[in-house]
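These notes are about the structure you will find just below.
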Amino acid sequence: MKVHDNLHGFTLLREENIEEVNGIARVFEHDKTGARLIYISNDDDNKVFHIGFRTPSDNSTGVAHIMEHSVLCGSRKYPVKEPFVELAKGSMNTFLNAMTYPDKTVYPIASTNDKDFMNLMDVYLDAVFYPDIYNTPHIFHQEGWHYHLENKEDPITYNGVVYNEMKGVYSSPEEVLQRKIFQTLYPDSIYGEESGGYPENIPDLTFEDFAAFHKKLYHPSNSYIYLYGDGDMDAHLKYLDEAYLSQFDRADIDSEIPTQVPFEEMAVASDSYPIPSDEDQKNKDYLSLSYVLENEPTFEDILAFDVLGHILLGANSAPLKKALLDLNICKEVDYAYSSSMKQPYFSIVLKHTDEKYKELFIETVEKTLEDLVKNGLDKRSVEAGININEFMLIEGEYGSYPKGLMYGLEMFDTWLYGG
């Protein structure tokens, strides 16, 4: 193919040979809908398909998370109660799941069998574009929330798959801390909300808002499609166009993610988490120092911060981690870095400490970083950080996960924002 050639309604925008995956990557746009598609053709028989949607939400009702569950509860062509469960029983898949992120929802599958791969793809595409949620409102109540009553004399309570899941999530102090970090770092952005749903807010979601969310955002014009492996590209594009995409018209969908404007001064916030009433509260505090990074960073920036995190905090001997551990004010020093956002964040965390050490924590981080800027990083540590990333990327070692699956998910770190 040549750039600007058309294949089954898809126009080729870019083609590139990628030596690391021994394949050719092609970037397409679907003419009728504007759907974005990347196809990586190589000799890997573990074929991968993703369809993802940009799904920002301006509240913490968990509408994106509930939708992820609900579309997999039956569809136009597959009107069974739980096609996802039935698939898992009889398929030869090597991966089958769905994920909700702060700003996107992704439906990935993988299989080494051609027929199985096409079946899985068809079930997922029918699920996202033609779910049974409109005909069966019970799906929303089951997966999201509903009133629950066992006996007439009992108090009415809330129930629901996502509601109960998120109650479990927020029993963890780490999750409470992360929510507070996001609320504080991104007060003017969708990242300040809980895409998975905060238990107190989930019952605020109405069926009407739930259905409107799907109607607006689960459209080919807002989709990102990824295929990888030794599949038949010609057959796959023909199928995508004829079976699904050509049934839609291009739509102007506002799914942009607002940018968080930098603060004029450091923001300070606190929250609480539950512990058993008979447990000693001494040294149960968590402290974090968190930063919003460059808006829509390049891949080089993302990779550099990954390396830098390892250099500064990746081992007890790493300079920043060592400086904090030497204070003897906490049981553990940890850090978090997420690049799968329009504005990534970097967070340094002290676990099991005391709030009284807040200023000492900040001063130690700032002084250590200033000294490193002034005197430079240890060259061997820099080489080690780069080598770890290089080895991982070349080997494509992702444990039990198909490497093609992980390549696709990593693409979203920049693809979702036009990169």
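Taken as a whole, the stretch 375-391 holds no residue that is within 19 Å of TYR337 (Cβ to Cβ) and touching a strand residue (DSSP E or B) at 6+ places or on another chain (Cβ under 6 Å). In the set GLU390, GLU397, only one residue is in a helix (DSSP H, G or I) and modelled with pLDDT under 90; that residue is GLU390. Screening GLU366, GLU395, GLU359 for residues that are surrounded by fewer than 17 Cβ atoms within 10 Å (Cβ to Cβ), under 22 Å from ILE302 (Cβ atoms) and free of Cβ contacts under 8 Å to residues at least 12 places away in the same chain leaves exactly one candidate, GLU395. When MET92 is tested against (1) in contact with an Asp or Glu (Cβ under 6 Å, 6 or more places away or on another chain); (2) farther than 25 Å from MET406 by Cβ; (3) not β-branched (Val, Ile, Thr), only condition (2) is not met.
For the subset of the stretch 321-335 comprising residues that are surrounded by fewer than 17 Cβ atoms within 10 Å (Cβ to Cβ) and either of a type in the set (S, T, N, Q) or in contact with a Ser or Thr (Cβ under 8 Å, 6 or more places away or on another chain) (or both), which member is nearest to LEU416 (Cα to Cα)? It comes out as LYS331. Considering the stretch 308-358, the residues that are more than 27 Å from VAL261 (Cα to Cα) and acidic (Asp, Glu) include one that is farthest from the chain's Cα centre (by Cα), namely ASP326.
Regarding GLY52, is this residue open to solvent by less than 20 Å² (accessible area, probe 1.4 Å) and under 22 Å from TYR239 (Cβ atoms)? When the stated conditions are applied, GLY52 passes them. For the stretch 223-230, the criterion of being within 26 Å of ASN113 (Cα to Cα), aliphatic (A, V, I, L, M) and either under 25 Å from the mean Cα position of the chain (by Cα) or at pLDDT 95 or above (or both) is met by at least one residue. The set of residues in the stretch 336-356 being of a type outside the set (A, V, I, L, M, F, W, C), in a strand (DSSP E or B) and open to solvent by 30 Å² or more (accessible area, probe 1.4 Å) consists of TYR337, HIS352. Looking at (1) touching a residue at least 40 places away in the same chain (Cβ under 8 Å); (2) under 28 Å from THR61 (Cα atoms); (3) surrounded by 15 or more Cβ atoms within 10 Å (Cβ to Cβ), can you tell me which one THR94 breaks? If we test THR94 against (1) touching a residue at least 40 places away in the same chain (Cβ under 8 Å); (2) under 28 Å from THR61 (Cα atoms); (3) surrounded by 15 or more Cβ atoms within 10 Å (Cβ to Cβ), just (2) comes out false.
Counting only residues that are surrounded by 14 or more Cβ atoms within 10 Å (Cβ to Cβ) and in a helix (DSSP H, G or I), the stretch 281-320 holds 15 of them. Put simply, of VAL27, VAL85, VAL71, VAL63 the only residue that is farther than 26 Å from MET406 by Cβ and either at pLDDT 95 or above or surrounded by fewer than 24 Cβ atoms within 10 Å (Cβ to Cβ) (or both) is VAL63.
The values are calculated or read from the model by the stated rules, or taken from the named source; none is laboratory data. The structure displayed is predicted, hence computed values, not measured ones. Every residue, glycine among them, receives a Cβ derived from its backbone with ideal geometry; neighbour counts consider all protein chains shown. Side chains included, ligands, DNA and RNA excluded: accessible areas come from the protein's heavy atoms. Shrake-Rupley method; radii C 1.70, N 1.55, O 1.52, S 1.80 Å.
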